[in-house]
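Contents: one structure, followed by commentary.
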Amino acid sequence: MVELSGVLGVAMIALGMVLTPGPNMIYLVSRSITQGRRAGVVSLGGVAVGFLVYLVATNLGLSVVFLAVPELYVAVKLAGAGYLAYLAWTALRPGGVSVFAPKEMPHDSPRRLFTMGLMTNLLNPKIAIMYLSLIPQFISLEAGNVLLQGFVLGSVQIVVALTVNLGIVLAAGAIAVFLARRPSWLRAQRYLMGTALGLLAVSVATDITAPATSG
C-alpha cells in the first residue's frame, strides 16, 4: 500500500518540475506552434514512452548501477547540466528568441515527431534526476512491496506531467499569438525561461552526490 504522503509528495515535485521550462516543454511548444496541435500531441506520445522507459528501468535496478558506479551518475548529471546551460544561453544571448516566438521549422512525419519526443525526454536530466533521486525517497519499506510502490509513484509523476504538457500543447498557439502582440511580454518570457534554465543547470551541476535509495 502506497502512503498518501508519498503520492502527494511526488505529485507536488512532479508539478514543480514540469512547470519549469526545460527540453520537453521547448520541444512540445515549438512543434505545436509550427506544425499544429496534432504534431504536439504525437510528440507528447513519444515523451510519454520516455517516462515509461525511465519508470521501468529505475524500478528494475538502474539506480543500483549508478550507486555501484557513482562516476557514471555524476557524468550523466554534468552532461545534463551542460545541456541546460546551453538552452539557457540560447534564450538569454543577444538576438535570442522566445520558445513561443513563431519560427520556420520543417514539418516532420508523425514517426519522426514521436521519436524526437522520446529522445528529448530520455535525454532530459530533470527526468533522470526525478526517477533516480527523488521518487525512491517516498518509498516506505514498512508499506511493503517496494517494486509496486515504485511503479505507483512513478505513475503519479507520469499522470501529472502528461496532463500539464497536454495543456501546454493545446494552449501553445494561443499563447504565441498573445505574446506576439506584446513584444515586451515576449522578451520577459524569454528572460524568465533562460534564467530558470540557468538556475536549474547550476543546481544540477553542484548537486553531484550519488542517488540514495530506500532499499
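Since every read-out is calculated from the coordinates, none of them should be taken as a lab result. Everything numeric in this text was worked out from a predicted model, so none of it was measured. Every residue, glycine as well, gets a Cβ built from its backbone with ideal geometry; the counts of neighbours run over all protein chains shown.
Remarks
- When you count the other C-beta atoms within 10 angstrom of each residue and take the mean per peptide, 5-18, 30-43, 156-169 line up highest first as 30-43, 156-169, 5-18.
- All Cα-Cα distances of the stretch 106-173, cut into 5 Å bins from zero to the largest, leave 3, 13, 17, 22, 17, 11, 8, 5, 2, 1, 0 percent in each bin in turn.
- Semi-axis lengths, Å, the stretch 11-55, gyration tensor of Cα atoms, sqrt of 5 times eigenvalues: 20, 14, 8
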